[in-house]
């Protein structure tokens, strides 16, 4: 028996989620591809003196200008890369700072607002 493109309930959920994701693309998205969008946002955030604050600020920007999913993906990807890179510094604290940034993204786009939110969160 052939179920079609959905392949059951989970498959249908994925198809619908991807369709809705396309409808939720921010109008000022800096690039089409996920990777290019993440890199563009990372490069637009001024250098931070504290690594965890950088994680928080960049994650907030990616959540706002790309998507929350891509912000999660960027954080996980960075930590995964750190595991396999000589001298990489994979840490749970970085992931927590990324998650704080995603929460801060809801407060507004102004860098000062994001910086204050990240500072309130301990980053």
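The values are calculated or read from the model by the stated rules, or taken from the named source; none is laboratory data. The structure presented is a predicted model; accordingly, all values stated were derived computationally and were not measured. Glycine gets a Cβ as well: all are built from the backbone with ideal geometry, and neighbour counts include every protein chain shown.
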If you take the residues of region 108-123 that are surrounded by 14 or more Cβ atoms within 10 Å (Cβ to Cβ) and touching a helix residue (DSSP H, G or I) at 6+ places or on another chain (Cβ under 6 Å), which of them is farthest from residue 41 (Cα to Cα)?
-> 121
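Pick from region 60-114 the residues that are outside any helix (DSSP H, G or I) and modelled with pLDDT of 95 or more: which of them is nearest to residue 28 (Cα to Cα)? Let's see the steps before the verdict.
Just the residues of region 60-114 that are outside any helix (DSSP H, G or I), to begin with: 66-67, 85-91, 108-110.
Still in the list and also modelled with pLDDT of 95 or more: 66-67.
Numbers: 66: 9, 67: 11 Å.
Filtering region 60-114 for residues that are outside any helix (DSSP H, G or I) and modelled with pLDDT of 95 or more, the one nearest to residue 28 (Cα to Cα) comes out as 66.
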Return yes when residue 36 is more than 10 Å from residue 97 (Cβ to Cβ) and either touching a strand residue (DSSP E or B) at 6+ places or on another chain (Cβ under 9 Å) or in contact (Cβ under 8 Å) with a residue 12 or more places away in the chain (or both) and no when it is not.
-> no
